[in-house]
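The structure appears below as C-alpha coordinates.
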Amino acid sequence: MRRLFVAGNWKMNTLRESGVALATGLAKECHKSHPGVQVAVCPPFPFLLPVAAAIAGSGVELGAQNCSPEKPGAFTGEVASGMLLDVGCQWVILGHSERRALYGETDALVAQKTATALAAGLSVILCVGETLAERQANQTDAVLDRQMAGSLAGIDAAGLARIVIAYEPVWAIGTGLTATTEQAESAHSHLRKWLASRYNAGLADATRILYGGSVKAQNAKSLMEQPNVDGALVGGASLKLDDFLPIVRAAQELRPA
Ligand code: PGA
(Lines give C-alpha, C1' and ligand atoms only; values in the text may rest on other atoms or scores of the structure.)
Protein backbone atom coordinates (compact mmCIF):
# COMPACT_ATOMS: atom_id res chain seq x y z
CA MET A 1 0.00 0.00 0.00
CA ARG A 2 1.34 3.43 -0.92
CA ARG A 3 2.32 5.69 1.95
CA LEU A 4 0.11 8.80 2.11
CA PHE A 5 1.88 12.13 1.73
CA VAL A 6 0.57 15.46 3.03
CA ALA A 7 2.63 18.47 1.98
CA GLY A 8 2.01 22.10 2.87
CA ASN A 9 2.81 24.65 0.19
CA TRP A 10 3.10 27.94 2.05
CA LYS A 11 3.54 29.88 -1.21
CA MET A 12 4.67 33.50 -0.60
CA ASN A 13 3.31 33.61 2.94
CA THR A 14 4.52 33.85 6.53
CA LEU A 15 7.40 35.80 8.03
CA ARG A 16 10.23 34.13 9.91
CA GLU A 17 8.49 34.24 13.25
CA SER A 18 5.11 33.00 12.06
CA GLY A 19 6.71 30.36 9.82
CA VAL A 20 8.88 29.02 12.62
CA ALA A 21 5.89 29.00 14.99
CA LEU A 22 3.85 27.02 12.47
CA ALA A 23 6.68 24.55 11.87
CA THR A 24 7.37 24.18 15.59
CA GLY A 25 3.71 23.43 16.28
CA LEU A 26 3.59 20.87 13.51
CA ALA A 27 6.83 19.23 14.62
CA LYS A 28 5.42 18.89 18.13
CA GLU A 29 2.37 17.06 16.79
CA CYS A 30 4.38 14.97 14.32
CA HIS A 31 7.31 14.31 16.61
CA LYS A 32 7.87 10.82 15.25
CA SER A 33 7.70 9.70 11.67
CA HIS A 34 4.53 7.77 10.98
CA PRO A 35 4.95 4.58 8.95
CA GLY A 36 1.90 5.17 6.77
CA VAL A 37 1.97 8.95 6.42
CA GLN A 38 4.68 11.32 5.31
CA VAL A 39 4.41 15.04 6.11
CA ALA A 40 6.34 17.94 4.59
CA VAL A 41 6.29 21.73 4.67
CA CYS A 42 7.47 23.95 1.83
CA PRO A 43 8.19 27.45 3.16
CA PRO A 44 9.56 30.40 1.19
CA PHE A 45 13.32 30.30 0.51
CA PRO A 46 14.41 32.72 3.28
CA PHE A 47 12.75 30.59 5.94
CA LEU A 48 14.08 27.19 4.88
CA LEU A 49 16.92 27.24 7.39
CA PRO A 50 14.95 28.37 10.47
CA VAL A 51 12.13 25.98 9.56
CA ALA A 52 14.67 23.17 9.10
CA ALA A 53 15.88 23.87 12.63
CA ALA A 54 12.31 23.93 13.96
CA ILE A 55 11.44 20.51 12.49
CA ALA A 56 14.82 18.85 13.10
CA GLY A 57 14.41 15.42 14.66
CA SER A 58 10.64 15.33 14.03
CA GLY A 59 8.76 13.39 11.40
CA VAL A 60 8.27 16.51 9.28
CA GLU A 61 10.28 16.91 6.09
CA LEU A 62 11.31 20.06 4.27
CA GLY A 63 10.66 21.17 0.71
CA ALA A 64 11.18 24.25 -1.43
CA GLN A 65 8.70 25.70 -3.91
CA ASN A 66 10.96 26.13 -6.92
CA CYS A 67 14.52 25.79 -8.10
CA SER A 68 16.69 26.86 -10.99
CA PRO A 69 17.12 24.54 -13.97
CA GLU A 70 20.80 25.49 -13.95
CA LYS A 71 23.82 24.36 -11.98
CA PRO A 72 25.36 27.08 -9.74
CA GLY A 73 26.77 30.01 -11.65
CA ALA A 74 25.97 33.50 -12.88
CA PHE A 75 22.15 33.42 -12.58
CA THR A 76 21.20 36.44 -10.49
CA GLY A 77 18.20 35.85 -8.28
CA GLU A 78 18.04 32.10 -8.84
CA VAL A 79 18.41 29.27 -6.32
CA ALA A 80 20.20 26.04 -7.31
CA SER A 81 18.82 22.65 -6.29
CA GLY A 82 22.09 21.73 -4.56
CA MET A 83 21.63 24.76 -2.30
CA LEU A 84 18.21 23.48 -1.30
CA LEU A 85 19.65 20.09 -0.43
CA ASP A 86 22.41 21.82 1.51
CA VAL A 87 19.93 23.62 3.78
CA GLY A 88 17.99 20.45 4.52
CA CYS A 89 15.40 20.11 1.78
CA GLN A 90 14.40 16.66 0.62
CA TRP A 91 11.71 17.99 -1.70
CA VAL A 92 11.08 20.66 -4.28
CA ILE A 93 7.71 21.53 -5.83
CA LEU A 94 8.03 21.97 -9.60
CA GLY A 95 5.56 22.86 -12.33
CA HIS A 96 3.05 24.48 -9.98
CA SER A 97 0.28 26.13 -11.98
CA GLU A 98 1.13 29.52 -10.49
CA ARG A 99 4.64 29.19 -11.93
CA ARG A 100 3.25 27.98 -15.24
CA ALA A 101 0.61 30.72 -15.50
CA LEU A 102 2.34 33.71 -13.88
CA TYR A 103 5.96 33.06 -14.79
CA GLY A 104 5.55 31.38 -18.15
CA GLU A 105 7.06 28.04 -17.16
CA THR A 106 6.72 25.53 -19.96
CA ASP A 107 6.71 21.75 -19.73
CA ALA A 108 10.21 21.79 -21.22
CA LEU A 109 11.47 24.09 -18.47
CA VAL A 110 9.77 21.96 -15.83
CA ALA A 111 11.49 18.87 -17.28
CA GLN A 112 14.84 20.65 -17.15
CA LYS A 113 14.26 21.70 -13.53
CA THR A 114 13.15 18.18 -12.64
CA ALA A 115 16.29 16.64 -14.12
CA THR A 116 18.52 19.15 -12.31
CA ALA A 117 16.74 18.65 -8.98
CA LEU A 118 16.95 14.85 -9.23
CA ALA A 119 20.62 15.03 -10.17
CA ALA A 120 21.28 17.16 -7.08
CA GLY A 121 19.62 14.52 -4.89
CA LEU A 122 16.24 16.15 -4.28
CA SER A 123 12.90 14.43 -4.67
CA VAL A 124 10.31 16.26 -6.72
CA ILE A 125 6.62 17.06 -6.28
CA LEU A 126 5.62 17.55 -9.91
CA CYS A 127 2.36 19.44 -10.45
CA VAL A 128 -0.03 19.07 -13.37
CA GLY A 129 -3.62 20.14 -13.85
CA GLU A 130 -6.13 21.61 -16.26
CA THR A 131 -7.81 25.02 -16.30
CA LEU A 132 -11.57 25.43 -16.06
CA ALA A 133 -11.81 26.19 -19.80
CA GLU A 134 -9.87 23.02 -20.59
CA ARG A 135 -12.12 20.93 -18.35
CA GLN A 136 -15.26 22.44 -19.87
CA ALA A 137 -13.91 21.63 -23.32
CA ASN A 138 -13.38 17.99 -22.25
CA GLN A 139 -9.64 18.45 -22.60
CA THR A 140 -8.66 17.33 -19.09
CA ASP A 141 -7.08 14.01 -20.04
CA ALA A 142 -5.35 15.48 -23.09
CA VAL A 143 -3.90 18.35 -21.05
CA LEU A 144 -2.65 15.95 -18.37
CA ASP A 145 -1.08 13.71 -21.02
CA ARG A 146 0.68 16.68 -22.59
CA GLN A 147 1.94 18.02 -19.26
CA MET A 148 3.12 14.60 -18.11
CA ALA A 149 4.91 13.84 -21.36
CA GLY A 150 6.54 17.26 -21.47
CA SER A 151 7.43 17.60 -17.80
CA LEU A 152 8.84 14.06 -17.57
CA ALA A 153 10.70 14.20 -20.89
CA GLY A 154 14.06 12.53 -20.44
CA ILE A 155 13.25 11.27 -16.93
CA ASP A 156 13.93 7.55 -16.63
CA ALA A 157 12.39 4.99 -14.27
CA ALA A 158 14.99 5.63 -11.56
CA GLY A 159 14.08 9.32 -11.75
CA LEU A 160 10.36 8.67 -11.56
CA ALA A 161 10.94 6.62 -8.42
CA ARG A 162 11.90 9.92 -6.72
CA ILE A 163 8.95 11.90 -8.06
CA VAL A 164 5.52 12.39 -6.55
CA ILE A 165 2.86 13.68 -8.94
CA ALA A 166 0.40 16.32 -7.73
CA TYR A 167 -2.85 16.63 -9.66
CA GLU A 168 -3.99 20.20 -9.09
CA PRO A 169 -6.91 21.35 -11.20
CA VAL A 170 -6.18 25.07 -11.70
CA TRP A 171 -9.83 25.99 -11.14
CA ALA A 172 -9.69 24.47 -7.65
CA ILE A 173 -6.53 26.22 -6.44
CA GLY A 174 -7.20 28.89 -3.87
CA THR A 175 -10.78 29.20 -5.06
CA GLY A 176 -12.60 27.19 -2.41
CA LEU A 177 -13.86 24.95 -5.22
CA THR A 178 -12.67 21.38 -4.80
CA ALA A 179 -12.78 18.63 -7.36
CA THR A 180 -15.41 16.08 -6.42
CA THR A 181 -14.04 12.77 -5.24
CA GLU A 182 -15.14 11.30 -8.60
CA GLN A 183 -13.34 14.02 -10.59
CA ALA A 184 -10.19 13.55 -8.54
CA GLU A 185 -10.25 9.77 -8.73
CA SER A 186 -10.86 9.85 -12.47
CA ALA A 187 -7.91 12.18 -13.12
CA HIS A 188 -5.65 10.23 -10.76
CA SER A 189 -6.51 6.91 -12.32
CA HIS A 190 -5.89 8.44 -15.76
CA LEU A 191 -2.47 9.67 -14.58
CA ARG A 192 -1.60 6.25 -13.19
CA LYS A 193 -2.51 4.60 -16.49
CA TRP A 194 -0.35 7.16 -18.28
CA LEU A 195 2.57 6.26 -15.99
CA ALA A 196 2.03 2.56 -16.66
CA SER A 197 2.19 3.05 -20.40
CA ARG A 198 5.17 5.44 -20.33
CA TYR A 199 7.14 3.48 -17.69
CA ASN A 200 5.73 0.20 -16.38
CA ALA A 201 2.85 -1.12 -14.29
CA GLY A 202 4.96 -1.70 -11.18
CA LEU A 203 6.35 1.80 -11.13
CA ALA A 204 2.95 3.33 -11.90
CA ASP A 205 1.54 1.41 -8.97
CA ALA A 206 4.29 2.60 -6.64
CA THR A 207 4.13 6.29 -7.62
CA ARG A 208 2.23 8.57 -5.26
CA ILE A 209 -0.31 10.92 -6.86
CA LEU A 210 -1.43 13.74 -4.56
CA TYR A 211 -4.52 15.87 -4.99
CA GLY A 212 -4.25 19.64 -4.58
CA GLY A 213 -6.83 22.40 -4.81
CA SER A 214 -8.71 23.75 -1.79
CA VAL A 215 -8.02 20.71 0.35
CA LYS A 216 -9.26 21.32 3.88
CA ALA A 217 -10.17 19.38 6.98
CA GLN A 218 -13.72 18.84 5.72
CA ASN A 219 -12.81 17.21 2.40
CA ALA A 220 -9.36 15.71 3.04
CA LYS A 221 -10.51 12.30 4.19
CA SER A 222 -13.00 11.67 1.39
CA LEU A 223 -10.39 12.69 -1.20
CA MET A 224 -7.57 10.60 0.30
CA GLU A 225 -9.94 7.65 0.65
CA GLN A 226 -10.05 7.34 -3.14
CA PRO A 227 -8.00 4.38 -4.33
CA ASN A 228 -5.72 6.47 -6.53
CA VAL A 229 -5.39 9.55 -4.28
CA ASP A 230 -2.24 9.18 -2.21
CA GLY A 231 -2.28 12.37 -0.21
CA ALA A 232 -2.66 16.11 -0.57
CA LEU A 233 -0.72 19.18 -1.57
CA VAL A 234 -2.25 21.87 0.60
CA GLY A 235 -1.96 25.62 0.07
CA GLY A 236 -4.21 27.92 2.08
CA ALA A 237 -5.06 25.34 4.73
CA SER A 238 -1.37 24.67 5.42
CA LEU A 239 -0.88 28.15 6.88
CA LYS A 240 -2.65 27.51 10.17
CA LEU A 241 -1.93 24.59 12.42
CA ASP A 242 -5.64 24.26 13.24
CA ASP A 243 -6.40 23.82 9.55
CA PHE A 244 -3.42 21.67 8.57
CA LEU A 245 -3.28 19.23 11.48
CA PRO A 246 -6.75 17.78 10.87
CA ILE A 247 -5.64 17.01 7.30
CA VAL A 248 -2.58 15.16 8.64
CA ARG A 249 -4.81 13.40 11.15
CA ALA A 250 -7.23 12.37 8.41
CA ALA A 251 -4.32 10.74 6.57
CA GLN A 252 -3.18 9.02 9.75
CA GLU A 253 -6.69 7.64 10.30
CA LEU A 254 -6.61 6.15 6.83
CA ARG A 255 -3.19 4.54 7.46
CA PRO A 256 -3.17 3.68 11.17
CA ALA A 257 0.34 2.99 12.55
P1 PGA B 1 -4.92 25.69 -2.15
O2 PGA B 1 -3.55 25.56 -2.97
O3 PGA B 1 -4.94 24.54 -1.17
O4 PGA B 1 -4.84 27.03 -1.48
O5 PGA B 1 -6.02 25.60 -3.15
C6 PGA B 1 -3.05 24.31 -3.36
C7 PGA B 1 -1.78 24.49 -4.15
O8 PGA B 1 -1.68 25.45 -4.92
O9 PGA B 1 -0.84 23.67 -4.02
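The values are calculated or read from the model by the stated rules, or taken from the named source; none is laboratory data. Just so you know, these numbers come straight off a predicted model, no measurement behind them. FYI the Cβ positions are ideal-geometry reconstructions off the backbone, even for glycines, and counts take in every protein chain you see. With ligands, DNA and RNA removed, areas are computed over all heavy atoms of the protein, side chains included. Shrake-Rupley method; radii C 1.70, N 1.55, O 1.52, S 1.80 Å.
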ask   = Which whole-number value in Å² is the accessible area per residue of the chain, probe 1.4 Å?
value = 43
message = Give me the one-decimal nm value for the distance between modelled label points at LYS193 and GLN218, 7 Å along each residue's Cα-to-Cβ direction.
response = 3.2
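Could you compute the net charge surrounding ASP230? Neighbours are other residues with a C-beta less than 13 Å from the C-beta of ASP230; K and R count +1, D and E count -1. Could the numbers behind the result be given before it?
Values: positive: ARG2, ARG3, ARG192, ARG208, ARG255; negative: GLU185, ASP205, GLU225.
My count for the surroundings of ASP230 gives +2.
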request  = Sequence neighbours fewer than 8 away in the same chain don't count; with that in mind, list the lysines whose C-alpha is under 18 Å from LYS216.
outcome  = LYS11, LYS240
ask   = Given the chain, what percent of its DSSP beta bridges are antiparallel, to the nearest 5?
value = 5
note = Scoring only Lys, Arg, Asp and Glu (+1, +1, -1, -1) among other residues with Cβ under 15 Å from the Cβ of LEU195 yields +2
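Measure off, as a whole percent, the carbon and sulfur share of the 1.4 Å-probe accessible area of the range 128-177, all protein chains present.
The value for the range 128-177 is 56 percent carbon and sulfur by accessible area.
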message = Would the chain count as rounded, prolate or oblate if I go by the C-alpha gyration tensor, calling it rounded below 1.5 in a/c and otherwise prolate when a/b exceeds b/c, oblate otherwise?
response = rounded
